[in-house]
């Protein structure tokens, strides 16, 4: 089992346990903000399952039907996860508005407060681990999953704070208000994730800083008789693609030109984890 798959499995397990805790606490207390958190965690679980499947598929080697690999499945996974988060947020708002119209008192506030604190603590550890693996592997699916859990930390702490205020003030109307505020944060999360995951599906270029670094690497080889043009970049899942045209002195042998291209390619690949570099050689 790969590092990415292990991380995705951990996320599935932690989300399953937290759903059970939150749903139990929400039903016992009657708190819509806790139930909204349970719904949020359920969406996180679906996202974790999608991430688990996508990282397994994306690691498959290229084949006859997919000669460029399966990397974009992670981007499709990210888009799906973003839409799931959006649906969860709308559902939470619907339930919260219903509670505002027909308010009810919350029972066993202490239980709900404890569960929210446990949730924040567990998600802090899992999110940190997912981010670490996502950074080392370049996995957009794991990064999306980590983003879900990071938001869950804030929302859990927000619900805990709301329950604390209800216990101090006795204003139970704060419960649906907190739930609506939680949903606003979730909506913001879904939009950010959707943009990050969707852009590579359109073959958008790499980040500006990455392109600058690539140009710096190529420029280090450029001399009076070595120039380049038509640099293009794109990303698919955790894989980056770079191609450009390299103008060389026609007096260079094929072996010399090949060795030069190999050195440039090696330097770019050392900077960009999981990348493929294509160089088209031309004379002046």
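Please work out if residue 228 is farther than 30 Å from residue 141 by Cβ, in a loop (DSSP other than H, G, I, E, B) and in contact with a helix residue (DSSP H, G or I) (Cβ under 8 Å, 6 or more places away or on another chain). Before you say what the answer is, go through the steps one by one.
Numbers: farther than 30 Å from residue 141 by Cβ: yes; in a loop (DSSP other than H, G, I, E, B): no; in contact with a helix residue (DSSP H, G or I) (Cβ under 8 Å, 6 or more places away or on another chain): yes.
Against the criterion (farther than 30 Å from residue 141 by Cβ, in a loop (DSSP other than H, G, I, E, B) and in contact with a helix residue (DSSP H, G or I) (Cβ under 8 Å, 6 or more places away or on another chain)), residue 228 does not qualify.
If a residue must be assigned to a helix (DSSP H, G or I) and either over 18 Å from residue 25 (Cα atoms) or not assigned by TED's automatic domain parsing to the domain that holds residue 30 (or both), how many such residues does region 153-178 contain?
Number of matching residues: 4.
Rundown of residues vs (1) out of contact with any helix residue (DSSP H, G or I) (no Cβ under 6 Å at 6 or more places or on another chain); (2) within 17 Å of residue 10 (Cα to Cα), yes/no style:
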| site | (1), (2) |
| --- | --- |
| 129 | yes, yes |
| 135 | yes, yes |
| 146 | no, yes |
| 152 | no, yes |
| 161 | yes, no |
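Which of the residues belonging to region 241-284 are over 40 Å from the mean Cα position of the chain (by Cα) and touching a residue at least 40 places away in the same chain (Cβ under 8 Å)?
284
Considering each of 196, 269 in turn, give the residue that is in the same structural domain as residue 68 (by TED's automatic domain parsing), under 30 Å from residue 50 (Cβ atoms) and not in a strand (DSSP E or B). Can you show your working first?
Details: 269 fails: in the same structural domain as residue 68 (by TED's automatic domain parsing).
Only one candidate qualifies: 196.
Could you look through region 216-240, keep only residues that are at pLDDT 90 or above and surrounded by fewer than 13 Cβ atoms within 10 Å (Cβ to Cβ), and pick out the one that is nearest to the chain's Cα centre (by Cα)?
My answer is 216.
Return the residue satisfying two criteria in turn: it lies in region 7-60 and is over 29 Å from residue 179 (Cα atoms) and in contact (Cβ under 8 Å) with a residue 60 or more places away in the chain, and of such residues it is farthest from the chain's Cα centre (by Cα).
The residue in question is 58.
With the requirement that a residue be in a strand (DSSP E or B) and under 15 Å from residue 284 (Cβ atoms), what does region 231-254 give you? Write out each step before concluding.
Keep residues of region 231-254 that are in a strand (DSSP E or B), which gives 231-236, 239-248.
Scanning region 231-254 gives 245, 246, 247, 248.
Does residue 95 satisfy the criteria of being buried (at least 16 other Cβ atoms within 10 Å of the Cβ), in the same structural domain as residue 114 (by TED's automatic domain parsing) and more than 24 Å from the chain's Cα centre (by Cα)?
Details: buried (at least 16 other Cβ atoms within 10 Å of the Cβ): yes; in the same structural domain as residue 114 (by TED's automatic domain parsing): yes; more than 24 Å from the chain's Cα centre (by Cα): yes.
Here the answer is yes, as residue 95 does meet what is asked.
Going residue by residue through region 179-189, is there one that turns out to be in the same structural domain as residue 92 (by TED's automatic domain parsing) and within 25 Å of residue 274 (Cα to Cα)? Write out each step before concluding.
Here is the first cut: in region 179-189, the residues in the same structural domain as residue 92 (by TED's automatic domain parsing) are 179-189.
Retained after the next criterion (residues that are within 25 Å of residue 274 (Cα to Cα)): none.
Within region 179-189, none of the residues are in the same structural domain as residue 92 (by TED's automatic domain parsing) and within 25 Å of residue 274 (Cα to Cα).
Given the conditions (1) part of a helix (DSSP H, G or I); (2) farther than 22 Å from residue 82 by Cα, report the number of the one that residue 67 does not fulfil.
Single failed check for residue 67: (1).
Search region 102-134 for residues being modelled with pLDDT under 80 and in a helix (DSSP H, G or I), and hand back the single one that is surrounded by the most Cβ atoms within 10 Å (Cβ to Cβ). Before you say what the answer is, go through the steps one by one.
Going through region 102-134, the residues modelled with pLDDT under 80 turn out to be 102-112.
After this cut, where a residue has to be in a helix (DSSP H, G or I) as well, the list is 109-112.
Values: 109: 19, 110: 10, 111: 18, 112: 29.
Selected residue: 112.
For region 247-273, enumerate the residues that are touching a strand residue (DSSP E or B) at 6+ places or on another chain (Cβ under 6 Å) and loosely packed, with under 15 Cβ neighbours inside 10 Å.
Result: 250, single match.
Looking at region 182-199, which of its residues are at pLDDT 80 or above and in contact with a strand residue (DSSP E or B) (Cβ under 9 Å, 6 or more places away or on another chain)?
Of everything in region 182-199, nothing turns out to be at pLDDT 80 or above and in contact with a strand residue (DSSP E or B) (Cβ under 9 Å, 6 or more places away or on another chain).
Any idea how many residues of region 200-216 are under 26 Å from residue 150 (Cα atoms), in contact (Cβ under 8 Å) with a residue 12 or more places away in the chain and assigned to a helix (DSSP H, G or I)?
Result for region 200-216: 3.
The values are calculated or read from the model by the stated rules, or taken from the named source; none is laboratory data. On a predicted model such as this, the values are computed, not experimentally measured, just so you know. When we count neighbours, we look across all protein chains shown, and the Cβ atoms used for this are built from the backbone with ideal geometry, even at glycine.
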